[in-house]
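Q: Here you go, one structure.
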Amino acid sequence: MNNQNSFNLLQYIKKIGVEEKILTNFIPNQENLFTIVYSQTTSIPYSNLNFQVDRTNYNMDLDSIFERLVLNSQGGICFELQELVYWVLIKLGYDVQRIFSEVIEFKTPDVYHPFHELLVVKIQDDYFIIDIGFGFNGLRYPMKVNFQQPGEITLLYGEEYQLEVKDDKYIVNLKIHDKWVGLYDFFKQNDKDLPVFYNQEEFNRIYNQFVTEKLVIGIRDHFVIIGKLTTHGRFGYQILRNEKIYQSVEFKYGLKTFFKRYDNEQEFSNDVKRDFPQAFDEKNFHILISTTPYQGTLNESNKKTYY
């Protein structure tokens, strides 16, 4: 890694389309937090295509993430997207903590897989959950929460979220067709009404477990997602590898406004390349579809997707 590929805050700000003047006498307040989070969610797509092809050679240090997502304009998995904004916010003076959650859709009986990274930012006495890496179903803005009691928040019409507070954990839900659907849960501290926070060493351990886990992990082994949030919703492409299903979907204000299932891989590839020209690696796509997915038993609940 040479110096020209190392992390640069100004390049990041330009990449997400924020005016450079935000860095002049920067104040780590709520307004600037919302600007940075929203701008990244609508600028840098989610993609786990390249990761599924070659996950063992993925470095998760900041410079490597910066090179892939900012300089090379690739999409990233949740660990990459969250770590990028984590270090940006740290360098800008925010109080940021990592938490790790288990995606409810991918739960495996008797095994806890905390493989979805979230961030918690504290500004004075207020807490905000940041999740910009949940496929293209992430939070477009920081979600203000009170960890002592349940609450609901609307980030955009049709994008309503809920925090459930249990004795030992928290659950984040999304409203779909007027019903609350669980997205992920994470543990509470034993002696405080706060989530369990994780340091860099623990991040490294969990990420390594995610890469090497022998059981099937849906988002690592089966589902391929390329997409991002838009001004009024979200749009992206999906592959269900075991079923050889290729499809695209768009939501506006919580309503599905477009859906297409493809008859052949090349038509799908052409459309993804058109809409995500830099984030889509056509060579890796053909490698992926020519190889057999990691085999194991997916739960019935894992065979559907809310993205």
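The values are calculated or read from the model by the stated rules, or taken from the named source; none is laboratory data. As the structure is a computational prediction, the values presented were derived from the model and not from experiment. We place every Cβ from the backbone using ideal geometry, glycine too, and count neighbours over all the protein chains shown. Ligands, DNA and RNA are excluded from the accessible area calculation, which covers all protein heavy atoms including side chains. Shrake-Rupley method; radii C 1.70, N 1.55, O 1.52, S 1.80 Å.
Q: How much accessible area per residue does the chain have, in Å², with a 1.4 Å probe?
A: Working: 14340 Å² over 307 residues.
It amounts to 47 Å² per residue over the chain.
Q: Please give the solvent-accessible surface of TYR253 in Å², to the nearest 10, using a probe radius of 1.4 Å with every protein chain present.
A: 90
Q: In terms of solvent-accessible area of protein heavy atoms at a 1.4 angstrom probe, what is the ranking of SER290, SER73, highest value first?
A: Most to least solvent-accessible, the answer reads SER290, SER73.
Q: Still on this model: At what distance in nm do the modelled label points of LYS122 and LEU194 sit from each other, each positioned 7 Å from its Cα along Cα→Cβ?
A: 0.4
Q: With a 1.4 Å probe and every protein chain kept in, tell me what percent of the accessible surface of segment 78-162 is carbon plus sulfur. Walk me through the intermediate numbers first.
A: Values: 1320 of 2960 Å².
That share works out to 45 percent.
Q: Picking from VAL85, ILE99, SER73, whose Cα lies most toward the positive end of the charge dipole for segment 1-117 (charges on Cβ: Lys, Arg +1; Asp, Glu -1)?
A: Going by the Cα projections, it comes out as SER73.
Q: Compare ILE239, ILE27, ILE104 in a GNM of the chain, Cα atoms joined below 10 Å, and give the one with the largest fluctuation.
A: Largest GNM mean-square fluctuation: ILE27.
Q: Using only the heavy atoms of the protein chains and a 1.4 Å probe, how would VAL181, VAL111, VAL85 rank by accessible area, largest first? Intermediate values should be presented prior to the final figure.
A: On the way: VAL181 25, VAL111 50, VAL85 0 Å².
The ranking, largest first, comes out as VAL111, VAL181, VAL85.
Q: Next up: Over the residues of segment 14-99, compute the C-alpha Rg and express it relative to 2.2 N^0.38 Å. Let's see the in-between values first.
A: Numbers: Rg = 13.4 Å, N = 86, 2.2 N^0.38 = 12.0 Å.
Dividing the Cα radius of gyration by 2.2 N^0.38 Å gives 1.12.
Q: Okay, moving on. Just to check I understand the Karplus step: with θ = phi - 60° and J = 6.51 cos²θ - 1.76 cosθ + 1.60, what whole-Hz values come out for segment 143-152, glycine and proline as x?
A: Per-residue couplings from phi come out as 9, 6, 9, 10, 6, 8, 8, x, x, 10 Hz.
Q: Over the chain, what relative contact order in percent results from Cα pairs under 8 Å that are six or more residues apart?
A: 18
Q: Spelling out what I want: for every residue of segment 268-283, take phi, set θ = phi - 60°, compute 6.51 cos²θ - 1.76 cosθ + 1.60 (Karplus), and round to whole Hz; glycine and proline get x.
A: Here the 3J(HN,Hα) series is 4, 4, 4, 6, 5, 4, 5, 8, 9, x, 8, 7, 9, 9, 5, 4 Hz.
Q: Let me see the P(r) profile for segment 99-204: every Cα-Cα distance counted, bins of 5 Å, each bin given as a percent of all pairs.
A: Calculated over all Cα pairs of segment 99-204, the distribution is 2, 11, 23, 27, 21, 11, 4, 1, 0 percent.
Q: If you don't mind, another one. Would you kindly work out the equivalent ellipsoid of segment 168-245 from its C-alpha gyration tensor and give its semi-axes, the square roots of five times the eigenvalues, largest first in whole Å?
A: 27, 22, 13
Q: Keeping all protein chains in place and using 1.4 angstrom, which order do VAL53, VAL70 fall into by accessible surface area, from largest down? Intermediate values should be presented prior to the final figure.
A: Working: VAL53 45, VAL70 15 Å².
Sorted by accessible area, descending: VAL53, VAL70.
Q: Indicate, rounded to the nearest 5 percent, the antiparallel portion of the DSSP beta bridges found entirely in the chain. Please list the in-between numbers first.
A: Details: 61 of 62 bridges.
That works out to approximately 100 percent antiparallel.
Q: Sticking with this structure for a sec: In 5 Å bins starting at zero, report the fraction of Cα pairs in segment 1-51 per bin as a rounded %.
A: 4, 16, 23, 22, 18, 10, 5, 1
Q: To continue, here is another question. Calculate one ³J(HN,Hα) per residue across segment 19-30 by plugging θ = phi - 60° into the Karplus curve 6.51 cos²θ - 1.76 cosθ + 1.60, and present them in order as whole Hz with x for glycine and proline.
A: So the Karplus estimates, Gly and Pro as x, are 5, 4, 5, 4, 7, 6, 6, 4, 10, x, 10, 5 Hz.
Q: So, in nm, how far is label ASN204 from label GLN278 when the simple model puts each one 7 Å beyond its Cα toward the Cβ?
A: About 3.1 nm separates the two model spin labels.
Q: Related question: Helix-only estimate, please: 222 nm mean residue ellipticity of the chain, summing -39500 (n - 2.57) across DSSP H runs of length 4 or more and dividing by its residues, to the nearest 500.
A: -7500 deg cm²/dmol
Q: Also, quick follow-up: Of LYS188/LYS228; LYS175/LYS228; LYS91/LYS144; LYS15/LYS260, which sit over 26 Å apart, Cα to Cα?
A: Working: LYS188/LYS228 30 Å; LYS175/LYS228 19 Å; LYS91/LYS144 22 Å; LYS15/LYS260 30 Å.
Where the Cα-Cα span goes over 26 Å, the pairs concerned are LYS188/LYS228; LYS15/LYS260.
Q: Given the Cα atoms of segment 7-152, and with Rh set as the inverse mean 1/r over their pairs in the Kirkwood sense, what is Rg to Rh to two decimals?
A: When Rh is taken as the Kirkwood radius, the ratio is 0.97.
Q: Out of GLY254, GLY75, GLY135, any idea which swings most in a Gaussian network model of the chain, alpha carbons joined below 10 Å?
A: Among GLY254, GLY75, GLY135, the largest GNM mean-square fluctuation belongs to GLY254.
Q: Same structure, new question: Can you give me the pair-distance distribution of the chain, C-alpha pairs, 10 Å bins, whole percents?
A: So the P(r) values, bin by bin, are 6, 28, 37, 24, 5, 0.
Q: Let me ask you something else. For segment 100-161, what log10 I(q)/I(0) values come out of the Debye formula at q = 0.13, 0.15, 0.17, 0.18 1/Å, with one point per alpha carbon and no solvent?
A: -0.42, -0.55, -0.69, -0.77
Q: Identify all aspartates and glutamates with a Cα-Cα distance to LYS273 below 18 Å; exclude those on the same chain that are fewer than 8 residues away in sequence.
A: GLU250, ASP263, GLU265, ASP281, GLU282
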